[in-house]
1. Suppose we filter Ser490, Ser505, Ser478 for residues that are buried (at least 17 other Cβ atoms within 10 Å of the Cβ) and not in a strand (DSSP E or B); which single one remains?
2. Using the structure shown, decide if Val586 is touching a residue at least 24 places away in the same chain (Cβ under 8 Å) and in a strand (DSSP E or B).
3. Can you name the condition, by its number, that Gln345 falls short on among (1) assigned to a strand (DSSP E or B); (2) open to solvent by 60 Å² or more (accessible area, probe 1.4 Å)?
4. Just checking, how many residues over region 216-247 are within 18 Å of Gln198 (Cβ to Cβ) and in a strand (DSSP E or B)?
5. If we keep just the residues of region 523-575 that are surrounded by fewer than 17 Cβ atoms within 10 Å (Cβ to Cβ) and at positive phi, which is nearest to the chain's Cα centre (by Cα)?
6. Pull up region 590-633, narrow it to residues that are assigned to a strand (DSSP E or B) and of a type in the set (Lys, Arg), then point me to the one that is most open to solvent (accessible area, probe 1.4 Å).
7. Looking only at region 199-227, which residues are free of Cβ contacts under 8 Å to residues at least 24 places away in the same chain and either among the aliphatic types (A, V, I, L, M) or over 19 Å from Gln701 (Cβ atoms) (or both)?
8. How many residues, within region 386-400, are open to solvent by 40 Å² or more (accessible area, probe 1.4 Å) and either assigned to a strand (DSSP E or B) or within 30 Å of Thr480 (Cα to Cα) (or both)?
Amino acid sequence: MSSKFFMGLALLACVYKATAIEAVLPPEFGPLSTKSNGRIESVDSMVLSPVNLTEVTVQASRNLSRLIDFPTSVTVLQSNQIERNDIRSLKDAASLIPNMVMPDYGSRLTSPIYIRGVGSRINAPSVGLYVDNVPYFEKSAFDFDFIDMDKVEVLRGPQGTLYGRNSMGGVINIITRSPMQYQGTQLYCSAAGYGTMQLKAGHYAKPSESFAWSLSANYRHTDGFFENTFDSSRIDHSNSFGLNSRLIYAISRRLSLEYSAGLDISQQGGYPYALYDPILQKTANINYNQASSYHRTLFSNALKLTYEGKDWELFNTVSSQYLDDAQRIDQDFTPDSLYFVNQMQLQRMLADECTVRSKGNRRMNWLAGTFVFTHRLGSDVDVDTYKSQLHYLKGYQQNISGLAIFGQATFNVTKQFAVTAGLRFDEESSNLHYRYEGTRKGKPLASIDTVYARLSEVNLLPKLALSYKLDKHLLYVSYTTGYKPGGFNSTFEKPEQLQFRSETSHNFETGAKGNFFSDRLFIDASLFYTQLLNQQIYRTAPSGKGSYLDNAGLSVNKGFECSLSSLPWKGMEASVAYGFTDSRIVRYVKDTLTNYNGKFTPYIPASTLSVQLNQTVPVRGLPYLDKIRLNLLYQRTGQQYWDLMNVYKEKAYSLVNAKLSFIRKNVKVEFWGKNLFNTSYKSFLFEALNKTYAQVGKPFQAGMNLSLEW
């Protein structure tokens, strides 16, 4: 371990010694407690144990449905789970959510998400992401550091009748801590192996009953996990800085305004790719000569207006997002100078989402909304092919705009039986301005400057669900339609690769959820069957330089997921989340020699499993220690394939994480380890330039955290 790690440990120990005596909140042991004098209580005390899951509300439901009443497969990660499992990004959160995958490879630019086998490696994502009411349009913005997360909610399956942003695979709704509900100051610092350090601080204030504000910041550094043997440097070093702010003003009893803003700056080295030998099934050392990197600046903000009528509520959110990034990549990943690419992107998004919903528990509950947006995406790709002395610049300017009108209504036929029906009207259009210029051996090539005809699509997406509630149990069955627009590829070498068609899904789901054994066990289980028409399939360009989307004729995803949460005895919490997905291509024939029928869809693990165990033990008689907690997390990722022909596959593998926490009032010291058994696995594998490359997963890492609240 580096000297920075031990220096960090010494710093944490000094801070702990200096502040432990100043703790002011009384020690507590047990389930959820209330706030004391408006101050933040220990994160440890803000726990919703499984016995209280009946009362958990799902904000992503848009009508604040209780988890037990919401007829959709949904996972809710609350603040205690986020903190205990060191969830620092969506990639970490995915490990706790059944049938959700967000692989960790390359850089933050490559951050696809798959839910139930639905996802996209490139271009627009198939999964919707909202962070404090701001819709995220591009996967290059999905990987950011969590700062003050209060809740992460994942709704599986299309949610187009609830949300403005189209979401074929599902919706991820992230909520940060509200200063209207929590007040006080938090400080968190961490030191770990591989030169990893993190500092977080947040202050939440409520000067009056009508006004509240918060400001939080984050800094994270790592020296890198992987070495480039070419120059003995750490290739995946990174620095990131984040800032979040919220202002909430209750103008009157009915009207309120909320402004939120977030800044994320990331600078990464990369990429830890190495040659892979398919015969020996071994990954060589990373060894290439040209420094690669990924730098990104991301700024998001939103203004939300809320008005409460007598029987209804209105929410209108105006949001914008700015993303400016630059990628430098040695594309041959060898000691030779063969190919080098500079890619720069500039994205600007502006959206308005207006939703009106009914209030109270009525015979008929309803929701209706509109969504309009404009998204401008500019990209310049500068390529050097050294041996042929070819240098060229490709420029893309894509303008996308859309309008959606959506809504659904739930009619309670009886106290137990309810019918939900919804419809979404979706119109989206895009155009592409493409430029090309270059030189070969110093001589200029013929340039291209073309504006391609605008693509425009209109769709109607229906939804129907039936649910039956019996005491503390719910049974439901549903049918929903999903849709992902077609568009233009940013890499194309043949005319037929310029565009890809829209993708449509038909989703059937049945599930059950409920509390058992005197509310000490909560179970949420579902079965699903999805047909994907014209599925957008990732393909490598024939030259091996770049990638594009193609369309398969028909694919089918089917499977199930099951989540269990329990409180076996006092101080013990246990949860299990299992997902199984059989994702296959049914009809996709390119030519007489290329037939993908019956093949498994790449990048989709056959199963996901997480098992969490938390044991809290009260300590009596020690002046500086109230309790000790042990947290264990077991994760297993099932077999998956890396290519369309199913030649390359990754066998199932397991990871084990652990954390030991020592808690005194509002001070917490933690020791943790990730990948305790140093399991070897590949996080990514791909073919390019007639070679095979792979990235191995991160090794064992240990660290220490200190958190304070006052």
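1. Matching residue, one of Ser490, Ser505, Ser478: Ser490.
2. Considered against the rule, which asks whether it is touching a residue at least 24 places away in the same chain (Cβ under 8 Å) and in a strand (DSSP E or B), Val586 comes out as yes.
3. If we test Gln345 against (1) assigned to a strand (DSSP E or B); (2) open to solvent by 60 Å² or more (accessible area, probe 1.4 Å), just (2) comes out false.
4. So the count comes out to 15.
5. Selected residue: Gly544.
6. Lys590
7. If the condition is that a residue be free of Cβ contacts under 8 Å to residues at least 24 places away in the same chain and either among the aliphatic types (A, V, I, L, M) or over 19 Å from Gln701 (Cβ atoms) (or both), then Leu199, Ala201, His203, Pro207, Ser208 are the ones that fit.
8. 4
The values are calculated or read from the model by the stated rules, or taken from the named source; none is laboratory data. Fair warning: this is a prediction, and the values are worked out from it, not measured in the lab. As a convention, Cβ positions derive from the backbone with ideal geometry for all residues, glycine included, and neighbour counts pool all protein chains shown. Heads up: the accessible areas ignore ligands, DNA and RNA and are worked out on the full protein's heavy atoms, side chains in. Shrake-Rupley method; radii C 1.70, N 1.55, O 1.52, S 1.80 Å.
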